[in-house]
Each structure stands twice: as structure tokens, then as C-alpha cells.
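Student: Below is the structure I would like to discuss, written out as C-alpha cells.
The values are calculated or read from the model by the stated rules, or taken from the named source; none is laboratory data. Everything numeric in this text was worked out from a predicted model, so none of it was measured. All Cβ positions, even for glycine, are placed from backbone atoms using ideal geometry, and neighbour counts span all protein chains on display.
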Amino acid sequence: MLINCVVYQNGTKLADIPASEISSYISRPDAFVWVALQDATPAELEEMQKEFGLHELAVEDARHGHQRPKIEEYGVSLFSVLHLVEPAPDNPKELNLGEVNVFTGSNYVLSVRNRSQKGFLGVRARCEREPELLQHGSGFVLYALMDAVVDRYFPILDEFETELETIERDIFSKGTARSNIERLYELKGRVMVLKHAVAPLLEGAGKLHGGRVPHICTGVQDYFRDVVDHLSRINALIDTMRDTIGTAIQVNLAMATIEESEVTKRLAAWASIFAVCTAFAGIWGMNFEHMPELKWKYGYVMALGLVASVSALLYWRFKKARWL
């Protein structure tokens with residue numbers, strides 16, 4: 001679906017145009033066309049390929065989707081794949097993984113957004129408010145799109161940190177070890193989704209500000225370096241969080257072992273107490289004739305008192321040793 005198709009000249013918006021007129025504007029040396037598509041059909045991608053002269057391999061990747069984040073050069077053009085990580089609308093604890101494919105040439109930018117409901121109208125408005133930067137052309141638009149995608153990672157990372165802190169506070173609460181481990185593994189899975197979006201993009205974005213910079217990015221290297229700095233920071237935080245989650249899982253497993261040990265000690269203590277009672281009952285239950293207490297008037301009371309006294313003594317000793 002076509003979201004918008006706009007031509008810009010010398011950093012200012014010239015006009016909204018139909019897709020069929022794209023080829024007549026991209027031939028101008030001081031103008032470029034910015035097209036945005038959402039969940040594009042094969043027919044729409046084929047039309048854009050003809051209008052912009054897109055490389056067939058890049059179009060094939062955009063058509064199939066589910067690509068690893070990357071930035072590839074095809075002659076004088078760039079093809080970028082960015083992952084859109086968003087909380088699921090029906091369950092904030094789950095993540096939706098969308099994708100935006102950006103084709104960038106010297107006189108055009110084509111963004112194809114898939115499996116995501118959050119658009120980039122704010123990015124377009126930001127660029128139009130800064131005509132002196134938009135004069136850099138399609139390279140600045142690519143930066144603005146990448147910057148918007150990376151900025152959306154920060155709130156998700158903050159949510160992860162808040163959830164991890166909550167779980168850490170519950171680690172030493174009795175009876176929560178199993179549920180904590182389940183929550184930690186679930187959080188670890190979502191952290192890895194973000195990791196898979198950030199790490200490959202960090203590797204690709206590094207080519208846009210250092211070394212042999214593509215011609216499209218000439219003049220805006222400093223802006224791409226800022227994106228790389230943000231990605232590096234996010235990647236470091238993710239690695240720290242993964243280590244913390246691993247440590248928290250180990251602590252929870254240790255707590256579960258300790259709780260099991262406590263239960264074992266309680267069972268052993270009660271078993272010892274009942275073993276004494278069973279021993280006394282077994283002795284007097286044999287009914288030997290030469291056991292004077294069997295015919296004694298107070299023998300039954302004495303037997304019960306002895307059993308109760310020994311059991312109480314054992315209970316006190318186990319309680320003192322914190323087995324009960």
C-alpha cells in the first residue's frame with residue numbers, strides 16, 4: 001500500500017506526486033523522491049523497481065522479508081534492512097518483530113514497512129522542518145529513518161531493565177524460585193530478539209561513517225556516527241542484561257536447591273521423632289511376660305510420658321538447629 005510519494009528540491013517539499021510520475025522527477029539533479037510503502041504487494045515492488053531501477057536481488061529480499069538486519073551496496077545505491085521491535089498491542093509482555101527495507105539512491109529513497117503498524121510520519125515531518133539538513137538529499141533521509149528505528153529500541157530496553165529489577169527483588173522470597181526462573185527465561189528470549197536486531201545493524205552502520213563511505217552518505221557521516229554510538233550503547237546494555245539474567249538464573253537455582261534442602265531437613269527431623277515413638281511402641285508391643293511395667297498401675301502413663309518427653313527433647317534440638 002502506498003503511504004505517500006513526495007518530491008523534494010533543494011531541501012524543501014516540492015509536491016506530492018503519483019507513482020507513475022516518479023521517473024520524470026528523479027532525472028532532476030537537485031531533486032529526489034521519497035516514497036513510503038506499507039506491506040507492499042509484488043506488483044507495487046515491481047512498479048518501484050521499474051521507476052527507480054532497483055537491483056533485482058534487493059527487491060527479492062524485500063519481497064520475501066524476514067531478512068537479517070544489514071546494509072548492502074548495489075553499485076551506487078544502498079539497500080538497508082532494519083528490524084522494528086514493538087510491544088504486541090494485545091500483550092505488552094510479547095514483542096512484534098516488523099521490518100523496514102530502505103532503498104537509497106542519489107535521487108530517491110524508498111521505504112517498505114512490513115508487519116508493523118507504527119509508521120514514520122514523524123520522521124518525514126522532522127526532515128521537512130530542517131531543510132538545511134534535507135539539502136544533503138537521500139543520505140540524510142536514510143539517517144533519519146535509521147535514527148527513528150534505533151530510538152524505538154530504548155523504551156523497550158528500559159522496560160526490560162524494569163522487569164529484571166522486579167524479578168531480582170523477588171529472588172529471595174520463599175516459594176518463588178520456579179516462577180522467577182520461568183520469568184527470567186521469558187525475559188531472556190525477548191532480550192535476544194532485541195539483540196538480533198541491534199548487533200547486525202551495528203556492524204552494517206559502521207560502514208556509513210568510517211573508511212570508504214558510500215557516495216550517498218557523503219556529508220552526513222557525523223549523523224551516522226551518532227547512530228552507531230546509540231547502537232553501541234544499546235548493544236553493551238543488552239550484553240550486561242544477559243549476564244545479569246544468567247547470574248539471576250543461577251541464584252534462583254541455588255535458592256531452589258536451598259529450599260529443597262530445607263524441606264529434606266524438616267522431613268528428616270520429623271522422621272526421627274516418629275522413629276523414636278515407633279521404637280518405644282514396638283518394644284512395649286512385644287508383650288513379654290517379664291516386663292514389670294506392663295503390670296504396673298502407672299506403666300501406661302509412664303510409657304506415654306517417656307515417649308512424649310523424648311519426642312519433645314528431639315523437637316527442641318531440631319528447632320535449635322533450625323531443622324524445624
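Student: Given the criterion touching a His at 6+ places or on another chain (Cβ under 9 Å) and under 18 Å from Gln38 (Cβ atoms), identify the matching residue among Val109, Val100.
Tutor: Values: Val109 fails: touching a His at 6+ places or on another chain (Cβ under 9 Å).
Val100 is the lone residue from the list that is touching a His at 6+ places or on another chain (Cβ under 9 Å) and under 18 Å from Gln38 (Cβ atoms).
Student: List the helices (runs of 4 or more DSSP H) that sit entirely inside the stretch 130-228 and contain at least 1 residues that are closer than 30 Å to Gln9 by Cα and under 24 Å from the mean Cα position of the chain (by Cα).
Tutor: On the way: elements: 131-134, 138-151, 153-170, 177-205.
So the answer is 138-151, 177-205.
Student: Kindly check whether there is at least one residue in the stretch 76-93 that is over 24 Å from the mean Cα position of the chain (by Cα), at pLDDT below 90 and farther than 30 Å from Phe160 by Cα.
Tutor: Applying the first criterion (over 24 Å from the mean Cα position of the chain (by Cα)) to the stretch 76-93 yields 76-79.
Subsequent filtering for residues that are at pLDDT below 90 retains 76-77.
When the remaining residues are screened for being farther than 30 Å from Phe160 by Cα, the result is 76-77.
Yes, the stretch 76-93 contains a residue that is over 24 Å from the mean Cα position of the chain (by Cα), at pLDDT below 90 and farther than 30 Å from Phe160 by Cα.
Student: Within the stretch 89-122, how many residues are in contact with a Gly (Cβ under 8 Å, 6 or more places away or on another chain) and among the hydroxyl-bearing types (Ser, Thr, Tyr)?
Tutor: Number of matching residues: 3.
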